[in-house]
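Read-outs throughout are calculated quantities, based only on the coordinates presented, and are distinct from any laboratory measurement. It should be emphasised that the depicted structure is a prediction, and the values quoted were computed from it without experimental measurement. A quick note on method: Cβ atoms are made from the backbone with ideal geometry, for glycine too, and the neighbour counts reach across all protein chains shown.
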Ligand code: TRP
């Protein structure tokens, strides 16, 4: 993996060259028209990239189960930046997803020294309460703590077998001086991301993880590890069509027909091939060419768009045969809203963002001081208009506060044409934010004594 393509998930630097990121990390662009009932962040291009989102969209369209997973660091206060992922989680939930929320209390303990009890407190009071207020449905949301879900920790250990320090060096830039706590955290996160597929947490189904690009290294690591663990790989074939290939590895020799001496054991080998062939023909592909000895099945009539359907079948066969049968996580990526002062939003710099429980006066003061896209004088502003790409007030309306597309468009036109002054757009932002914060406060007070309803049994 290329060093230049690294984004350090723990660094405060944020690259915002989004088209470069799409290319470098092999992401796909989001076309909101391909989504059923696209949300505000999709329609506005704020959710700009994805991996395998089409798999999840297929599940939505065919009413099949799928899940969404998100994680939170239980430190600091929740601010606008954190709310973007929750807005997407809510959208996925409305489209039928079950929701799992990982409280990264082990990561906070290891990388920030936050005690588990303080982490728990912060998670519930600061984050889960606001998630409730933002409209997540407690009926199918499960919040858990990394520290009290052994399945997640076990996965971190088991899946750790599929990676090594060189890979960590390439992905995260670790070296000999790297703190081991920082080395452990990503493996626990891999456990967070894959465990909802386990039978006791909902079983095999697509899982989507909406994140900011800073979290992509973890997703690449997870996909890589998952793919290495799979017994059957489904790939585009050089001759056109798709190939399913057995992946013989420790733990599946006898099931995949490899004898102790390393020779192919044709009895069991033919059995597993026949099993795969049957599943493939159930999907409507009657023409397949198998080579049991090589452990491959060619499906000339299939295309890339069939990969996930065929993979799901192969994974369920793998599970029946005793394997983990893990599917690679799907993911989406959102742009970051600018910090109010021009630097990155950060809990430790209150002037850079608006906290979920900021008072109206505090918020108004921050908006008034925020970076403006207005011209230096009223005269120049009337002539040249404001620059919405620099204007915090506009961006916050676009990212957070103005839900109505046509109202937003009107503000944009008025501002860009110079009809609306910088002070005026700030006042519009303050008015919308006031409504937004007041509603959130009201909802928080309704949920204050009932956050437990969001907790999984192992988190109570
Ligand atoms: N590492 C994430 C952060 O720094 C928190 C996290 C832990 C997470 N597990 C996760 C995020 C799983 C998404 C999915 O904020």
Legend entry - Gain on full stretching of the segment that runs from residue 427 to residue 371 - 0.36 nm per residue minus C-alpha separation: 18.8 nm
Inset, instruction - Two decimals is fine: what is log10 I(q)/I(0) at q = 0.12 Å⁻¹ for the stretch 79-213, from a Debye sum with one equal scatterer on every Cα and no solvent? - result: -0.53
Legend entry - All Cα pairs of the stretch 257-410, percent lying beyond 22 Å: 64
Inset, instruction - Could you tell me, in Å, what Rg and Dmax come out for the Cα atoms of the chain? - result: 24.5, 86
Legend entry - C-alpha long axis of helix 80-94 to longest principal axis of the chain, angle in °: 50
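Using Stokes-Einstein with the Kirkwood hydrodynamic radius over Cα pairs, what translational diffusion coefficient do you get for the stretch 147-250 at 4 °C and a viscosity of 1.567 mPa s, in µm²/s rounded to a whole number?
Numbers: Rh = 15.3 Å.
So the translational diffusion coefficient is about 85 µm²/s.
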Legend entry - Rounded to 10°, Cα long-axis angle of helix 307-320 versus longest principal axis of the chain: 60
Legend entry - Rounded if a/c under 1.5, otherwise prolate or oblate - the stretch 67-108, Cα gyration tensor axes: oblate
Legend entry - the chain: relative contact order as a whole-number percent, Cα under 8 Å and 6+ apart: 19
Inset, instruction - Mind sorting 220, 112 by how few other Cβ atoms lie within 10 Å of their own Cβ, fewest first? - result: 112, 220
Inset, instruction - For a footprinting-style exposure proxy, rank 378, 244 by other Cβ within 10 Å, fewest first. - result: 378, 244
Legend entry - Spin-label model distance (nm) - residue 17 vs residue 278, 7 Å beyond Cα toward Cβ: 5.3
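If you wrap a convex hull around the alpha carbons of the stretch 270-353, what volume per residue comes out, as a whole number of Å³?
169
Would you kindly calculate the translational diffusion coefficient of the stretch 188-342, applying Stokes-Einstein with the Kirkwood radius from alpha carbon pairs, for 10 °C and a viscosity of 1.306 mPa s, and quote it in µm² s⁻¹ without decimals? Mind showing how you got there, number by number?
Numbers: Rh = 17.0 Å.
The estimated diffusion coefficient comes to 93 µm²/s.
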Legend entry - Principal axis box of the stretch 415-460, alpha-carbon based, largest edge first, Å: 56, 18, 9
Legend entry - Ranked by how many other beta carbons lie within 10 Å on average, peptides 335-343, 67-75 from highest: 67-75, 335-343
Legend entry - Antiparallel %, DSSP beta bridges [both residues in the chain], to 5: 50
Inset, instruction - Assuming a ≥ b ≥ c are the square roots of the Cα gyration tensor eigenvalues, decide whether the stretch 184-237 counts as rounded (a/c under 1.5), prolate (otherwise, with a/b larger than b/c) or oblate. - result: oblate
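Rounded if a/c is under 1.5, else prolate if a/b beats b/c, else oblate: with a ≥ b ≥ c from the C-alpha gyration tensor eigenvalues square-rooted, which is the stretch 34-104?
Working: a/c = 2.33, a/b = 1.47, b/c = 1.58.
In terms of gyration-tensor shape, oblate.
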Legend entry - Label point distance in nm, residue 263-residue 62, each placed 7 Å from Cα along Cα→Cβ: 4.2
Inset, instruction - Return one number: the angle in degrees, 0 to 90 and rounded to the nearest 10, between the long axis of the Cα atoms of helix 360-369 and the longest principal axis of the Cα atoms of the chain. - result: 90
Inset, instruction - Quote to one decimal, in nm, the extra length available between residue 349 and residue 235 on full extension: 0.36 nm per residue of separation minus the C-alpha distance between them. - result: 36.4 nm
Inset, instruction - Give the calculated FRET efficiency between residue 28 and residue 254 to the nearest 0.05, with a Förster radius of 56 Å applied to their Cβ-Cβ distance. - result: 0.90
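Please give the calculated 222 nm ellipticity per residue for the chain, where each DSSP H segment of at least 4 residues contributes -39500 (n - 2.57) and the sum is spread over every residue; nearest 500 deg cm²/dmol? Let's see the in-between values first.
Numbers: 18 runs with 194 residues, N = 460.
Taking each H run of at least 4 residues, the total per residue is -12500 deg cm²/dmol.
How large is the convex hull of the C-alpha atoms of the stretch 323-447 per residue, in Å³? Could the numbers behind the result be given before it?
Details: hull volume 20.2 nm³, N = 125.
Convex hull volume per residue, Cα atoms: 161 Å³.
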